[in-house]
Amino acid sequence: MLYELIGIVRPGSLAEVKEYALPEIPIPFSPNPTPLPLSDPQIPHLWRTIALTAGQIILRNGGVIRGISNWGVFTLPRPVSKAQMKHKSGHYFVMRYDASSSTHADMRTTINLDPRVIRTAHVKLGDGKLETMARFGDVKWDR
C-alpha cells in the first residue's frame, strides 16, 4: 500500500545536534577522513536522521520510498507537550512510501518512540489499484 508520513520534529539547535550526533563525523570520499566540528552545516539535521531511520525500516522489509520532502520550520497550530517539553514550533517533513501493513506498523512504532518527534500523521493513499496510484505525483509544497 502507498502511505504518506507527515512528521514534525523539534527544530534543530546546536545543543540538540551535540546531544544526538556522533562526536566525530568523517568527511565522505576523503582519502584522510578528518572529523567535522559539530557546528559544521554539513551535519544532517534532526529530520534527516529520523527520516533515515524510517527509510531503513521500510527498505529492510521490502518497501519502496517514493519521495521525501522538507517543509521547513513552522509554528505549530497550538502548543504541544511531548517528552515533558512544551513545543511551539516544529520542523515538518513528508515521506511517501510503499510498504506492507506490518512494515508500516513497525515503522510507526519506532518513529513514535523517538523523543525528538513531536507529532506524526500517517495516511494511506489510494485503494491499492495501479490506476489510482499512478495519479499521485511528487509531494508538493508551495511556501
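Descriptive notes on the structure:
- For segment 44-55, a residue qualifies if it is under 9 Å from the mean Cα position of the chain (by Cα) and surrounded by fewer than 19 Cβ atoms within 10 Å (Cβ to Cβ), and the qualifying residues are 48, 49, 52, 53, 55.
- The residues of segment 5-19 include none that are closer than 28 Å to residue 61 by Cβ, surrounded by fewer than 18 Cβ atoms within 10 Å (Cβ to Cβ) and at pLDDT below 90.
- Breaking point among (1) at pLDDT below 90; (2) surrounded by fewer than 17 Cβ atoms within 10 Å (Cβ to Cβ); (3) out of contact with any Ser or Thr (no Cβ under 7 Å at 6 or more places or on another chain), for residue 116: (2)
- Those residues of segment 85-107 which are surrounded by 12 or more Cβ atoms within 10 Å (Cβ to Cβ), in a helix (DSSP H, G or I) and touching a residue at least 24 places away in the same chain (Cβ under 8 Å), in sequence order: 103, 104, 106, 107
- Taking the criterion of being at pLDDT 90 or above and either under 15 Å from the mean Cα position of the chain (by Cα) or within 21 Å of residue 126 (Cβ to Cβ) (or both), the residues of segment 56-89 that qualify are 56, 57, 58, 59, 61, 62, 63, 64, 65.
The values are calculated or read from the model by the stated rules, or taken from the named source; none is laboratory data. Being a predicted model, the structure only gives us computed values, none of them experimental. Glycine gets a Cβ as well: all are built from the backbone with ideal geometry, and neighbour counts include every protein chain shown.
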